[in-house]
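A.B. asks: Have a look at the structure that comes next, please.
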Amino acid sequence: MKNMRLTVCIGIMCGWLAAGMLHAGTRPDHVRPVEEDGSRLWLPVIRPVEGAEVEITYKGKVSPTIAIAIAELKNAWKGDPVLLEKKKTGRGDGFAITSSEHQVRILSSTETGLLYGAYSLLRMQAAGQLTVPLSVTEQPAYDLRILNHWDNPDGTVERGYAGRSLWNWEELPGTLSPRYEAYARANASVGINGTVLNNVNASPQVLTTGSLEKVKALADVFRPYGIKVYLSVNFASPIRLGKLDTADPLDKEVIGWWKQKVKEIYAMIPDFGGFLVKANSEGQPGPCDFGRTHAEGANMLADALKPYGGIVMWRAFVYSPTDSDRAKQAYLEFMPLDGQFRENVIVQIKNGPIDFQPREPYSPLFTAMKQTPMMVEFQITQEYLGFSNHLAYLAPLWEEFFGEVRPDRLKAAAGVANIGTDVNWCGHHFAQANWYAFGRLAWNPLLTSDRIADEWLQQTFTSQSAFVCPVKAMMLQSREAVVDYMMPLGLHHQFAWGHHYGPEPWCSVPGARPDWLPSYYHRADKEGIGFDRSSKGSNAVSQYPDSLRLIYNDKTTCPEVYLLWFHHVPWQYRMKSGRTLWGELCHAYDRGVRQVRGFQEIWDSVEPFVDARRFREVQSKLKIQMRDAVWWKDACLLYFQTFSGMPIPAGIERPVHELEDMKRFRLEISNYECPESGFNK
Ligand code: BDP
């Protein structure tokens, strides 16, 4: 929290600085940057060759990957000649960059590593990080840094808010959109080296021969950029596609079917990465349908992939409407299987125990499982953080996770992509920063949110400090602002039925699963609010290591950001600030709203530094965010007030909506602008 206060101070200082610069910026001779549509992302524009470019040398056969590295450097490097050199430098795709006597050397044992080195050099140049002499050594923390696309064969994207799927399945494999290569380039520039092309709610059709030909076409485009393709598979494929009457993982015919399918895939795509599986979760088929365990299901697929070097990423996102607290279920199901998975299986776990909420404590599986390779799944697409309408820079959320779960507990990192056919790729110009930050953190989880925002802003907009300083402060506060105006103090899942955009804490749907309703999570009553997960309640705290269990179990030591996650707390409870819980809740919602107002002011103050189009587009998104923040605050406070019976304290902005009106008109994305895609369950 200390950090946050600091950020706020810097924000104020920078706001003041920007206001000063505004004057200079609006001088008659000030030239507004050329209009951009956001399609460039953070990368340099590719310019026609101009003749006297910098000399880039590579002693060896120039493969497609090396050719890209050379072209990127020739296009944008403005320093001494560069020598690319294949040489053992640490592990995998790590690289070193040194400089001496009018020459820069990039060294790596792999070609992809040389490409990463080239992008790194260009990034340092653009972000003002070049030092003389250069002496940089980098190793990726994880060998697998992968995007998960939740794209469907019909072109829609589940929880996608940036247009339709980038993969044009109808045109593939014959027509290759130039965007495929642009996508690969962007990923490689931040070290992402894998992509799962399709939705975890997988259509069996993805494994037909016709579909695999399309996958192969994409794999061929991505390969020179060091990116492997993976597929989500439907566990019932042997039945749905192979016409077998079972998908039992111990059945000989089923095993044979998968072996044959894997063989077919590798004949087409020799470097195919493997499978991602959502099994026995939210209605998807899985081994438990046949009385088998998750380990038995995963191992059967792992055995089929093993001869080719493929892997299985098996998701631990499981919960069912039982009496057991949803937050405990993944642990209860997977802990007994610890140590039973094959070596080429990685269990993929969402960062929190519920579901990509604006704030959750980490999933206790990460510290409990000792003998199973694990990977974290983050959600880059903002299903629960205002879609692509809200500015929410997610690096602080992921940084918080890595502060709780030591990066070395993990083998890999996955991010659910926020990319679609929108001109600016992500729907919101600032949502690009989340794609960028995911790649950077998967490469080095110890990078700070501050540094990543700094780099991204300088490459994407301008390096003028009167712009970077206030806008970075805005980015760094933005996730906390979303938490505040949506669900502060550990509240979670107060979303409207189905779309997960607006608030609906009162939601009740006759016959609905209780764990799909907000009241399951807020538990508000006349006494107080919050989910008692202490030893006196669901005892979810018992799944954490003792050191944390003791802290979380006690209201007085539990961090207030998680208070209502772990405790049912009386309305009159005295918080650290001296306010009652009710007063603190009002205060937090209000702070969130005020922060967004502050973002609007910051953005308006930097207008001279941004091209007109991007300025306007971000400005209108901020207006939407502002309206939504007020809606969230009014909805939650007015509804919870029906339980607390306490007045909204003085100094808090008064509600501008009536509770009954809000119950009639839900806050939906379609109230503004309906994206072409988007999937509502
Ligand atoms: C939830 C989404 C749902 C996904 C599911 C998953 O609402 O669309 O299918 O996660 O991760 O957050 O499988």
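The values are calculated or read from the model by the stated rules, or taken from the named source; none is laboratory data. Note that the coordinates shown come from a computational prediction; the quantities given were computed from them, not determined experimentally. As a convention, Cβ positions derive from the backbone with ideal geometry for all residues, glycine included, and neighbour counts pool all protein chains shown.
A.B. asks: What are the residues in the range 233-256 that are farther than 25 Å from A316 by Cα and in a helix (DSSP H, G or I), if any?
C.D. replies: Hits for the range 233-256 are K252, E253, G256.
A.B. asks: Here's another thing I want to ask about it. Name the residue, out of S644, S677, S620, that is modelled with pLDDT of 95 or more, among the hydroxyl-bearing types (S, T, Y) and within 23 Å of D37 (Cβ to Cβ).
C.D. replies: S620
So that you can scan it fast, the table gives a plain yes or no per residue for (1) surrounded by fewer than 18 Cβ atoms within 10 Å (Cβ to Cβ); (2) touching a Pro at 6+ places or on another chain (Cβ under 9 Å):
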residue: G339; (1), (2): yes, no
residue: V345; (1), (2): no, yes
residue: F356; (1), (2): no, no
residue: P361; (1), (2): no, yes
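A.B. asks: Same structure, new question: Quick check on the range 346-356: of everything there that is of a type outside the set (A, V, I, L, M) and out of contact with any strand residue (DSSP E or B) (no Cβ under 9 Å at 6 or more places or on another chain), which residue is farthest from the ligand (Cβ to nearest atom)? Before the answer, list the steps.
C.D. replies: Of all residues in the range 346-356, those of a type outside the set (A, V, I, L, M) come to 348, 350-353, 355-356.
Adding the requirement that they be out of contact with any strand residue (DSSP E or B) (no Cβ under 9 Å at 6 or more places or on another chain) leaves 352-353.
On the way: G352: 11, P353: 13 Å.
Taking the candidates together, the pick is P353.
A.B. asks: Can you say whether A67 is out of contact with any Pro (no Cβ under 6 Å at 6 or more places or on another chain) and either at pLDDT below 95 or among the small types (G, A, S) (or both), as far as the supplied structure shows?
C.D. replies: yes
A.B. asks: Any chance the range 289-309 includes a residue that's part of a loop (DSSP other than H, G, I, E, B), at negative phi and in contact with a Phe, Trp or Tyr (Cβ under 9 Å, 6 or more places away or on another chain)?
C.D. replies: no
A.B. asks: From the residues in the range 398-426 that are under 15 Å from the mean Cα position of the chain (by Cα) and in a loop (DSSP other than H, G, I, E, B), which one is farthest from the ligand (Cβ to nearest atom)?
C.D. replies: Taking the candidates together, the pick is W425.
This table checks each residue for (1) touching a residue at least 12 places away in the same chain (Cβ under 8 Å); (2) away from the ligand (no atom under 16 Å from the Cβ); (3) crowded, with 21+ Cβ neighbours inside 10 Å.
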| position | (1), (2), (3) |
| --- | --- |
| A184 | yes, yes, yes |
| G191 | yes, yes, yes |
| V196 | yes, no, yes |
| N199 | yes, no, yes |
| A202 | yes, no, yes |
| G210 | no, yes, no |
| E213 | yes, yes, no |
| A219 | yes, yes, yes |
| F222 | yes, yes, yes |
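A.B. asks: Check whether at least one residue in the range 493-500 is outside any strand (DSSP E or B), touching a Ser or Thr at 6+ places or on another chain (Cβ under 8 Å), at pLDDT 95 or above and surrounded by 17 or more Cβ atoms within 10 Å (Cβ to Cβ), and report yes or no.
C.D. replies: No - not one qualifying residue is present in the range 493-500.
A.B. asks: Looking for whichever is hydrophobic (A, V, I, L, M, F, W, C), within 21 Å of G273 (Cα to Cα) and not assigned by TED's automatic domain parsing to the domain that holds W603 here; the options are A437, A412. Which one fits?
C.D. replies: None of the other options fit; the residue is A412.
A.B. asks: I need the full set of residues from the range 360-385 which are over 20 Å from S547 (Cβ atoms) and within 15 Å of the ligand (Cβ to nearest atom), in order please.
C.D. replies: Result: M375, V376, E377, F378, Q379, I380, T381, Q382, E383, Y384, L385.
A.B. asks: What's the number of the condition W257 fails, among (1) over 23 Å from T195 (Cβ atoms); (2) surrounded by 23 or more Cβ atoms within 10 Å (Cβ to Cβ)?
C.D. replies: (2)
A.B. asks: Let me ask something else about it. Hey, could you check the range 175-193 for residues that are among the hydroxyl-bearing types (S, T, Y) and under 21 Å from the mean Cα position of the chain (by Cα) and say which is farthest from R223 (Cα to Cα)? Please lay out each step first, then the result.
C.D. replies: So the first thing to find is which residues in the range 175-193 are among the hydroxyl-bearing types (S, T, Y), and the list is 175, 177, 180, 183, 189.
From what's left, under 21 Å from the mean Cα position of the chain (by Cα): 180, 183, 189.
Values: Y180: 11, Y183: 12, S189: 14 Å.
Going through the qualifying residues, I end up with S189.
A.B. asks: How many of the residues in the range 8-58 are closer than 30 Å to Y183 by Cβ and either under 34 Å from the mean Cα position of the chain (by Cα) or modelled with pLDDT under 50 (or both)?
C.D. replies: The qualifying residues number 16.
A.B. asks: Every residue in the range 259-304 that is among the aromatic types (F, W, Y) and more than 16 Å from the ligand (Cβ to nearest atom), please.
C.D. replies: The answer is Y266, F272, F290.
A.B. asks: Looking only at the range 311-344, count every residue that is over 21 Å from E282 (Cβ atoms) and either assigned by TED's automatic domain parsing to the domain that holds M486 or touching a Ser or Thr at 6+ places or on another chain (Cβ under 9 Å) (or both) and tell me the total.
C.D. replies: Here the count works out to 5.
A.B. asks: Could you tell me how many of the residues in the range 305-322 are surrounded by fewer than 23 Cβ atoms within 10 Å (Cβ to Cβ) and either away from the ligand (no atom under 13 Å from the Cβ) or under 22 Å from I265 (Cα atoms) (or both)?
C.D. replies: 8
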